[in-house]
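The values are calculated or read from the model by the stated rules, or taken from the named source; none is laboratory data. On a predicted model such as this, the values are computed, not experimentally measured, just so you know. Please note: Cβ atoms are built from the backbone with ideal geometry, for glycine as well, and neighbour counts cover all protein chains shown. The accessibility values were calculated without ligands, DNA or RNA, using every heavy atom of the protein model including side chains. Shrake-Rupley method; radii C 1.70, N 1.55, O 1.52, S 1.80 Å.
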Amino acid sequence: MIKLDRRLILNFDWTLFLLVLIISGIGLLNIYSAGFSLTNLHQAPLHIKQIQWILVGFVGMALAFFIDYRFLNRHAYIIYGISVMLLFVVFTVGYTTRGSQRWIAIGGFTFQPSELVKLTIILALANYFDSHRIGRGYHLTELFIPFLILIVPFSFILKQPDLGTGLILLILFLSMVFFIGLEWKSLLIAATGGLILTPVGWFFLKDYQRERILTFFSPERDPLGSGYHIIQSMIAVGSGGIFGKGFLKGSQTQLKFLPEQQTDFIFSVFAEEWGFLGGIVLLTLYLLLILWGLKIINQSRDYPGALIAFGITMLIFWEVFINIGMVLGILPVVGIPLPFLSYGGSSMVVLMTASGLLMNISVRRFILQSS
Amino acid sequence: MRKIDDRLDGYDPGQFKHKFKLLLLIVAVALSLLVIRLWYVQVIKGDELRQRSENNSVRLRKIKPIRGLIMDDSRRVLVDNQPSFALIVIPHRTKETGKVIEKIKELYTERSLTVPSLASLPGRVKPFASVLLERNISMEKLAVVETHALELPGVVTEVTPIRQYLNGEMTAQIIGFTGEVSRDDLDRNTALRLAPGDIIGKFGIEKFLDSHLRGKSGAEQIEINVAGKEVRSIGRIPAVLGDNVVLTIDSALQEAAWTAVGNRAGAVAVLDPRNGAVLALVSSPSFDPNLFNGGISTDDWENLSNDPRFPMENRSISGQYPPGSTYKPVVAAAALEEGLITPETTFYCNGRFELGNRIFRCWQEKGHGNVNLHRAIVQSCDVYFYNLGKLLGVDRIATYARAFGLGAPLGIDLLREKGGLIPTKQWKLSRFRQPWQLGETISLAIGQGYNLVTPLQLANAYATLANGGTLYRPRLVKQLESSDGRVVKVFQPEKQGVLPVRPQNIQLINQGLWGVVNEMGGTGNVLKRKEQDVCGKTGTAQVIGLPQDAKERKLKRVSANFRDHALFVCFAPYGNPEIAVAVILENAGHGGSAAAPVARKVIDTYFARNKMTQTQQPTKAQGAATDVPGRPMP
């Protein structure tokens, strides 16, 4: 299972490793700034906690790198099952903040199994599609099992309630189905079905979730609630201008106009202090990361490797797009973290583990080739 | 485990080639969209937004609402709000919050004032945000803090309203108290939009009607300059004051019952049989709800929660007692309605009832002789009811008991109401895995055994007899009013059922109950007024099964904890009842001598006051002070 092959080190994917390191480093500086003006009475400062999580993330990354991904793929259902069970645990004994039950506490740290599910669902779907290769587009009926794989954690997560994570799972599922290919008639049915179901889904949303979506279209609906978030976020980003206000100098950030800015709205801190140029640099780094992911898919030597790499790349891409789009006011406010930048352990550890897996796939193409 | 080999699995890497172009396109479009938007916000709108960030930084400040008042039936205020001082620290204004807090504690200790515990100190604080240290500080503490202001940077005092419970212990069980929202409440009730530091109802009506009483927070948009100083208020959404609650409670009756019970443990429930309105609900011993203002001290809390007399339990709705002889009318109604007896049917009582080798005694050792229904009720003959029990069987008794509202919560407007227990064969089988014994039915017929009722259920069951057979839901809330006096909601009487007993049979039982109070030899003569208008029933409930041997029985009765509970239930006036009263005094002995005088006080208070209003009615101005609106005169 773990074979310390010399080739793993020789062909190590330094590009990917450095990209993750640089973006996480930027994130750390940024979190330092977000927590800079907070008075810590009896809690460790935000950046110290984030460093601890990054260290845990390295362990996850190393594990995901050294364990052959085909071994993980073979046991994908078990891994997926465990993560769904954790979701269930959250449901029964979970720790609740601001009304949604998402966390479980492990020795002083809290962990969000829903973040983990983002990765395990990719493994489970990749495993299914790998063992059900049919060489043509799939019919809707052939997607019943994958749909089940989606719907179990999806319904748990919506119940928490966590609209953002639910959305990401749905998008990951759709992306993977698009990638392996859908038969055109099925595509047509699915598309019309989706169009019809959207208004139905509306009724299943919680009041506050509907309110957020309505507020997105007109922020003035709720100037004290989520409209306030959007307005303050725009002021913070906009006031950064081309060159930004400088590190630790963002007045909007330091005076805490935006509550909980260090998590989902972390990009507004970055944009205020580093400006448009900083934003371009950051987006370029993300673009490189995504392109590198696409390269790994393209070069991978087996089907499950390609599918897993695709899932992880899409996870990063969609989270970046939706999160920044939300901060910039072109997408509704949903709780999705910005990969490697947002404060929060679960997302950090899971994404570092995911990039370890990506490196794993990237490196093993040399091993697979040579034998 | 399958061996992992390093071969390709028939996968063609070129399979996805055609999808890559599309993927690249999607990524490119999405990221370009972000760049374009970033350009728009930061460069095109940049100057404008920068202006706003410098000059017009808006922050929200919550405006807390003021809780509604709670009033009695005649709009006398029972719970008011009064200003109090809260001690607050702004960590951003002092670099050493810990030291400042230590300094305060030091100052308090020097003057031997109680030192507050600061369990809720948050981990991180935003710039210029304040942290509550202590609510409702005393004038002494206020003086200490003000005089040492220079040594306490960042510490300020703030005026906030707190609850004032004007009747203290007397209504504590009904009205309850408030407290700071707990972490648990915050997490579970997000729909309520609570925030840490908010005050919510924790007990009694304060809790039951919390969503109405609390009101809605408002918010103020405050402009703050770059240094974090407040410049001006831009706009505000005012807080919505909480609704006022008008209870059905009649303070005069509440006070009469409370005083009559004194420091004994027990409960009184008073109802209007015509509509189910709860006129008084007393539970003793009680507690002072004002202790909870500003957070109860650890000592006070320990004292309350460890008190062996359970002052925090509302005995009137959650105390469960054997009904004793007050249960007899239920058994009589069942036997009459089932056609097992007529009013003339007699049983002979020689003081004992034998079943197999067991002997069940009548409370009258000499026996009552030949007893018919009326005499059996008036003199509370046990042997008569043992015979009815044997005829009826446990399950038929249970059916009628349930129809009287026993055995399940009645749904009063309070939490933690208990349902009591009405046993059946099935119940015993599933609870103890043992078949029902006929002997148990015999005890049951005189209200002993597994039977348990709450004082409220007893009052309600007798109210049902009083009004001719209609079971109402006991209501504690009369109406809700907005702070400007507009009526928001009026609670109407709610019928919950009709007794499956014919009017003539109810009439027979009520005649018996009239005799208990007004005839020679009746057990409830304490209630005999010159109007002769009260119907009632005494009860004496054994706390534990007493030994058969007479000597041992006497010995055990002496020890206080094993003494019987005294019960009395009544309604008046006969014919057109307006009031039903149930009294239970724990370990107080006989119902007729211990509990009946309490009921008498309540009945007398009710009619004395009504007579007064009647005579005063012509002079409107005087009448307003004591008039009870909405109650028709007898």
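The numbered conditions (1) in contact with a Pro (Cβ under 7 Å, 6 or more places away or on another chain); (2) of a type outside the set (Ser, Thr, Tyr); (3) within 14 Å of another protein chain (Cβ to nearest Cβ) are all true for A:LEU169 except (3).
I'd like the residue in segment A:1-31 that is without any contact (Cβ under 8 Å) to a residue 24 or more places away in the chain and open to solvent by less than 80 Å² (accessible area, probe 1.4 Å) and, out of all such residues, is nearest to A:GLY57 (Cα to Cα). Selected residue: A:LEU21.
Inspect segment A:283-305 for any residue being surrounded by fewer than 20 Cβ atoms within 10 Å (Cβ to Cβ), modelled with pLDDT of 90 or more and β-branched (Val, Ile, Thr) and give the result as yes or no. So far as segment A:283-305 goes, yes, one or more of its residues are surrounded by fewer than 20 Cβ atoms within 10 Å (Cβ to Cβ), modelled with pLDDT of 90 or more and β-branched (Val, Ile, Thr).
Among the conditions (1) surrounded by 21 or more Cβ atoms within 10 Å (Cβ to Cβ); (2) within 12 Å of another protein chain (Cβ to nearest Cβ), the only one that A:GLY325 does not satisfy is (1).
Just one residue in the set B:ILE101, B:ILE90, B:ILE36 is open to solvent by 10 Å² or more (accessible area, probe 1.4 Å), facing chain A (nearest Cβ under 10 Å) and in contact with a Leu (Cβ under 7 Å, 6 or more places away or on another chain); that residue is B:ILE101. Among the residues of segment A:254-267, what is the count of those that are facing chain B (nearest Cβ under 10 Å) and hydroxyl-bearing (Ser, Thr, Tyr)? Number of matching residues: 0.
Does segment B:52-74 contain at least one residue that is in contact with a helix residue (DSSP H, G or I) (Cβ under 6 Å, 6 or more places away or on another chain), under 30 Å from B:ASN244 (Cα atoms) and open to solvent by 80 Å² or more (accessible area, probe 1.4 Å)? No, the conditions are met nowhere in segment B:52-74. One residue stands out among those in segment A:238-253 that are surrounded by fewer than 24 Cβ atoms within 10 Å (Cβ to Cβ) and not aliphatic (A, V, I, L, M): the one that is farthest from the other protein chains (Cβ to nearest Cβ), which is A:PHE247. Just to verify a result, which residue in segment B:380-425, among those that are touching a residue at least 40 places away in the same chain (Cβ under 8 Å) and among the acidic types (Asp, Glu), is farthest from B:GLY447 (Cα to Cα)? Ranking the qualifying residues of segment B:380-425, first place goes to B:ASP413.
Put simply, of A:PHE321, A:PHE270 the only residue that is free of Cβ contacts under 8 Å to residues at least 24 places away in the same chain and aromatic (Phe, Trp, Tyr) is A:PHE321. The helices (runs of 4 or more DSSP H) falling completely within segment A:141-207 that include 2 or more residues that are touching a residue at least 60 places away in the same chain (Cβ under 8 Å) and surrounded by 17 or more Cβ atoms within 10 Å (Cβ to Cβ) map to A:144-159, A:163-180. The residues listed here are A:ILE324, A:ILE296, A:ILE280, A:ILE316; of these, the one that is in a helix (DSSP H, G or I), in contact with a Pro (Cβ under 6 Å, 6 or more places away or on another chain) and of a type in the set (Val, Ile, Thr) is A:ILE316.
Within the option set A:ILE336, A:ILE312, being more than 11 Å from chain B (Cβ to nearest Cβ), touching a Gly at 6+ places or on another chain (Cβ under 9 Å), buried (at least 20 other Cβ atoms within 10 Å of the Cβ) and at pLDDT 95 or above holds for one residue only, A:ILE312. Taken together, B:PRO161, B:PRO153 contain a single residue that is within 14 Å of chain A (Cβ to nearest Cβ), in contact (Cβ under 8 Å) with a residue 24 or more places away in the chain and surrounded by 15 or more Cβ atoms within 10 Å (Cβ to Cβ), which is B:PRO153. Of note, B:VAL79 satisfies the criterion of being touching a Phe, Trp or Tyr at 6+ places or on another chain (Cβ under 7 Å) and either touching a residue at least 24 places away in the same chain (Cβ under 8 Å) or more than 14 Å from chain A (Cβ to nearest Cβ) (or both).
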